[in-house]
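This report refers to the structure that appears directly beneath it.
Every read-out reported here was derived from the displayed coordinates using simple, explicitly stated rules and does not represent laboratory data. Because the structure is predicted, anything quoted here is derived from the model rather than measured. Quick reminder, even Gly has a Cβ in these numbers, built from the backbone with ideal geometry, and neighbours come from all protein chains shown.
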Amino acid sequence: MGTVTVENLSLHFATGGATPVIALNNLSMTIPDKQFAVIVGPSGCGKSSLLDIIAGLRDPTTGDCRLDGKVIHGPAKERGMVFQNYSLFPWLTVLKNVEFGLSLQGKPQREITERARHYVNAVGLSSFENAYPNQLSGGMKQRVAIARSLANDPEVILMDEPFGALDSQTRVVMQQLLLGIWEKEHKTILFVTHDIDEALYLGEVVYVMSSRPGRIIDTIAVDFAHPRSYELSTEPAFVELKRRIQHNLHAEVHKALSTAA
């Protein structure tokens with residue numbers, strides 16, 4: 001199972017001044033098992049902080065976060081994370097990077113290698129398993145990061161703008177790759193992005209966050225059938241959902257700028 005429940009979550013940062021910064025405020029959401037959920041929101045709204053809390057990398061100030069009913073305390077193999085900056089070990093080959101988490105679980109080496117090779121092949125890098133990260137393009141590095149997370153068999157995969165640093169053509173290829181893997185694996189995924197088209201192409205549901213302090217202001221069901229293609233972006237229903245998200249975000253960005261002025 002992989003149901004994530006966030007209840008009345010708040011996060012305050014001490015800044016050295018008299019008043020702490022409120023990053024998240026009374027945020028609640030439920031991501032059912034096997035759902036591909038996406039979060040969009042203005043810069044600085046707390047999207048990454050929310051993922052850090054779900055990953056167990058940070059504790060909330062109030063409220064709690066649960067995986068299958070159990071309160072999350074610290075990192076665990078049930079929750080995998082893919083960052084924007086790849087976070088690969090430069091001294092390890094592609095295959096050894098993917099094997100790394102499995103080796104910490106004490107599994108037999110033959111099982112480790114077979115499972116790692118399966119996911120290296122799944123992301124289209126079988127001919128690069130002996131290459132090192134500095135020999136790979138940005139998109140290839142991110143494929144290794146995704147393979148490593150999948151190989152560890154987490155219940156939930158958390159993805160913090162994983163394609164944000166890629167060029168537009170590579171980004172499209174990576175989106176198609178990730179969606180194809182999800183359609184086979186059906187892991188619970190929570191994906192953060194600033195790209196509205198990406199959110200609607202990938203997600204089954206899109207959560208729109210407010211400006212700081214972050215909270216959920218809109219929940220949008222995305223009912224397009226699978227498998228999906230980028231022809232979706234020209235369909236009236238897609239355009240209408242995009243317009244709805246843009247309207248919400250424009251209002252929140254304007255609010256944030258007015259508050260800062």
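Just a few scattered comments:
- Each residue in Tyr132, Tyr230 was given a count of other beta-carbon atoms within 10 angstrom of its own, and listing them fewest first yields Tyr230, Tyr132.
- In this rough spin-label picture, where each label sits 7 Å from Cα along the Cβ direction, the Met1-Asp68 distance is 0.7 nm.
- Label-to-label distance, Glu183 versus Ala76, with points set 7 angstrom from Cα along the beta-carbon direction: 3.3 nm.
- Proximal lysines to Lys107, defined as alpha-carbon separation beneath 20 angstrom and excluding residues fewer than eight positions away on the same chain: Lys77, Lys96
- Taking 0.36 nm per residue of sequence separation and removing the Cα-Cα distance, the Ser103/Val21 pair yields an extension gain of 25.5 nm.
- Residue-wise HN-Hα coupling along region 178-183, computed from phi with Karplus coefficients 6.51, -1.76, 1.60 (Hz; x: Gly, Pro): 4, 5, x, 5, 4, 5
- Region 88-153: relative contact order as a whole-number percent, Cα under 8 Å and 6+ apart: 49
- The H on the amide N of Met81, modeled in the peptide plane, is under 5 Å from the matching H of Leu158, each at least 5 residues off or on a different chain.
- Given R0 = 25 Å, the distance between the Cβ atoms of Thr219 and Thr61 translates into a calculated FRET efficiency of 0.60.
- For region 88-153, the Rg and Dmax computed from alpha carbons only, in angstrom: 10.5, 31
- Under 5 Å from the amide H of Asp218 lie the amide H atoms of Val208, each residue being 5 or more positions distant or on a separate chain, with H modelled from the backbone and absent for Pro and chain starts.
- Residues whose amide H lies under 5 Å from that of His12, counting only those 5 or more places away or on a different chain, are Ala23, Thr61; hydrogens are built 1.01 Å from N in the peptide plane.
- Phe13-Ser126 FRET efficiency (beta carbon distance; Förster radius 51 Å; 0.05 resolution): 0.70
- Distance between modelled label sites at Arg244 and Ser137, nm, 7 Å Cα→Cβ extension: 3.5
- Rg and Dmax of the chain, Cα atoms only, in Å: 18.8, 60
- Each Cα pair under 8 Å and six or more residues apart adds its sequence gap; the mean of these over the residue count of region 73-220 is a relative contact order of 27 percent.
- Förster-model FRET efficiency, 22 Å R0, Ser168 and His118, C-beta, rounded to 0.05: 0.15
- Put in line by how crowded their Cβ is, counting other Cβ atoms within 10 Å and starting with the fewest, Trp182, Trp91 read Trp91, Trp182.
- Summary value for the chain: 26 percent relative contact order, contacts being C-alpha pairs under 8 angstrom separated by 6+ residues.
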